[in-house]
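Every read-out reported here was derived from the displayed coordinates using simple, explicitly stated rules and does not represent laboratory data. Keep in mind that what you see is a predicted model, and the values were worked out from it rather than measured. Every residue, glycine among them, receives a Cβ derived from its backbone with ideal geometry; neighbour counts consider all protein chains shown.
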Amino acid sequence: MTARAQSNLVPLALGFGSLIAAILVFEVLIRVGLINRFIVPMPSQIAGAFHRVITEEEIPHRFLVTAREALWATLLLALFGIGIGVLLYRVKLLRDATETWVAAMASAPTVLMYPLFLVIFGRSERTIIMMGFVAGLPAVILKTIEGLASTREVLVNVGRSFKLSEMQLFWKIYFPTAMPTIFVGMRLGMIFALINIVGVEFLINFGGLGQLINDLAERYDLPGTYAAICFVILVSVIFFFLTDRLERWLRPAA
Amino acid sequence: MGVAHVDTAPRQAAAAPLLLVDDVSKKFETPDGVMTAVDHMSFDVAPGEFLAVIGPSGCGKSTLFNIIGGLLDGYEGRVTVAGETVKGPHASIGMVFQEESTFPWRTVTENVAFPLEIAGQPKAQRIERAKHFIDLVGLTGFENRYPAELSGGMRQRVAIARTLASEPKILLMDEPFGALDEQTRLLLGDKVLQIQDQLKQTCLLITHNITEAVQLADRVLVMTYRPGKLKRMVPIDLPRPRSSEIVSSDAFGHYVAQIWGDLREEASRGMRDEETTLQSHKS
């Protein structure tokens, strides 16, 4: 095995090892009674519930519903979040006028606005997608501005010395420079979006995994509830993996 | 402070100037009032000539670089290339910057092919052309590396190759080796001399390094400290082709001493000025 392959495997093994160690610690703490087993189920019970929730609770379908909502929210974030970020970067007056508000919005509990969204979009997937989108929007906007603003002046001067048009300057210099920071914003936006998507599914008892978690919690099926939460984590992992691949494809040197 | 007449080296005397800087002045508004960065500078550069502009820090060298490169407007006077007035960046002038300026997201080949891509050349053709310039700066074998995988000197050679790929009439360099150690600087100087000899490239080098200026140039223009004026034009009558070995010759030492004589006065004035400014800001 090469040194490089070894150096890639070590963090992976350490990550999995830590996860398994944490699961074992919980199992032991619950078994010896240090954690109340009626509040937190044992990891072995959660593992045992997987088969049941997959076969009896339509997990694949619900998983796809939540993934689809997250995908739509992500696409909207990419389109409008990056678009608004670029606009605010380029029009200084707009940026000065709104940047503080956007930053304030990032810390606002937008999930509490769900009744308003229900009135506008009805009890539908659109409400859930829009709630996810709104929650993730500030992070994408702010990181897009930050990425564009971090473009070194000398790179812009190189572009100008080659007589690049404004459009070429943006696509050939500003955007590639800002891309790593924009991807950080997209990842943050996706985290906020997914939290809100599952949260709103839970609150309005509609849609995918959030609704299932609500159902299982109301039935006091705690192992099933935690098993369903694991599938939410899986959605998150898949999206992170895909954005990572996309970033590597767009910017191989990253 | 004596401002000398412009002397021109014998080998360029007969040629019509390719670059003409005619009575150029540039003022900046500062919190302390109007500051004259460049004051009535006039000089010319003949085709194939290598001119070095040297001066102490803060004398307006970089301002002059930006004016000639078309990156700075709002100045008095005129800059022309082959008789054409420079208004904004000009296709005939290729710029190499002091700071690290390679695109980190592009490989060496992609960096060097950048101006050709902008010019709309087909991919196969521009890669072929880029290879030629990569070879010229001695980076063959590193075509697919990213700048982060190269040393500072190699990255600066990529930047030079990228500028050369646009085939400018004038190569304008602003302290391109400023961030490098002395040995690398001398060796890269050799590389620049080789390239200039091969391409018969007209070059204008902005520097604060006397050794570099004498090693490379046909003439050295010494600037005064603030406001930046032409203090003296020193023709360097050293044989070509040159290499870094020339730095150990007596003639080389004579030129270095001569230029340092001019520069020392200006550098001391700059130092005193900075100290006075710092003291006045303290009090």
Open item on the list: Can you give me the convex hull volume of the Cα atoms of the range B:138-223, divided per residue and expressed in Å³?
Closed with: 101 Å³
Task: Unit Cα scatterers, Debye sum, the range B:84-147: log10 I(q)/I(0) for q = 0.20, 0.21, 0.26 Å⁻¹ - done: -0.88, -0.94, -1.21
- [ ] Please state the charge dipole magnitude for chain B, taken about the Cα centre, from unit charges on C-beta atoms (+1 on K and R, -1 on D and E), reported in debye and rounded to the nearest 20.
- [x] 400 debye
Open item on the list: Amide H of B:D218 versus every other amide H placed in the peptide plane: which residues, excluding those fewer than 5 positions away on the same chain, fall under 5 Å?
Closed with: B:F50, B:L51, B:A52
- [ ] Report the calculated FRET efficiency for B:E84 and A:S165 (r = Cβ-Cβ distance, R0 = 25 Å), to the nearest 0.05.
- [x] 0.75
Open item on the list: What lysines does B:K123 reach when the alpha-carbon gap must be under 29 Å and sequence neighbours fewer than 8 apart in one chain are set aside?
Closed with: A:K163, A:K172, B:K131, B:K169, B:K191, B:K200
- [ ] Ignore the peptide's own chain and count Cβ atoms of other chains within 10 Å of each Cβ in A:163-171; give me the average, rounded.
- [x] 2
TODO: Please average, across the residues of B:102-108, the number of beta carbons from any other chain that are within 10 Å of each residue's own beta carbon, and give a whole number.
DONE: 5
Open item on the list: As a footprinting exposure proxy, order B:E128, B:E49, A:E146 by other Cβ within 10 Å, with the fewest listed first.
Closed with: B:E128, A:E146, B:E49
Open item on the list: Along the charge dipole of chain A, pointing to its positive end and built from +1/-1 on Cβ of Lys, Arg, Asp and Glu, which listed residue (A:T100, A:I191, A:T127) has its Cα farthest out?
Closed with: A:T100
TODO: Considering only B:K229, B:K131, B:K61, give the residue with the highest GNM mean-square fluctuation for chain B, with springs between Cα atoms whenever their separation is below 10 Å.
DONE: B:K131
TODO: Within a 10 angstrom radius of each residue's Cβ in A:247-253, how many Cβ atoms of other chains show up on average? Whole number is fine.
DONE: 3
Open item on the list: Is there a quick way to get the dipole size of the protein assembly as shown? I mean about its Cα centre, with the Cβ of Lys and Arg at +1 and of Asp and Glu at -1; what is the value in debye to the nearest 20?
Closed with: 760 debye
Open item on the list: I want to check the label-to-label distance for A:L29 and A:V10. Put each point 7 Å from Cα in the C-beta direction and report it in nm to one decimal.
Closed with: 2.9 nm
Open item on the list: Once you compute Rg and the Kirkwood Rh from C-alpha atoms, what is the Rg to Rh ratio for the range B:115-182?
Closed with: 0.98
- [ ] Would you kindly derive the ³J(HN,Hα) couplings of the range B:176-192 from the backbone phi angles with the Karplus curve 6.51 cos²θ - 1.76 cosθ + 1.60 (θ = phi - 60°), listing them in order in whole Hz, with x for Gly and Pro?
- [x] x, 10, x, 8, 9, 6, 4, 5, 4, 4, 5, 5, 5, x, 4, 5, 5
TODO: Could you run the Karplus curve 6.51 cos²θ - 1.76 cosθ + 1.60 with θ = phi - 60° over the range A:77-85 and give me ³J(HN,Hα) per residue in whole Hz, x for Gly and Pro?
DONE: 4, 5, 5, 7, x, 5, x, 5, x
- [ ] Order the peptides A:55-66, B:166-177 from the highest to the lowest mean number of other Cβ atoms within 10 Å of their residues.
- [x] B:166-177, A:55-66
Task: Choice from A:P138, A:P115, A:P223 showing the highest fluctuation, given a GNM over chain A with Cα pairs closer than 10 Å - done: A:P115
TODO: Name the residue, out of A:Q211, A:Q45, A:Q168, whose mean-square fluctuation peaks in a Gaussian network model built on chain A with Cα pairs under 10 Å.
DONE: A:Q168
Task: Convex hull volume of the protein assembly as shown per residue (C-alpha atoms, cubic angstrom) - done: 234 Å³
Task: Rounded tilt (10° steps) of A:59-76 against the dominant C-alpha axis of chain A - done: 20 degrees
- [ ] Evaluate the charge dipole of the range A:56-250 about its Cα centre and quote only its size in Debye, nearest 20, assuming +1 on the Cβ of each Lys and Arg and -1 on the Cβ of each Asp and Glu.
- [x] 980 debye
Task: Separation in nanometres of the label points that stand 7 Å from Cα toward Cβ, at B:A179 and B:R269 - done: 3.1 nm
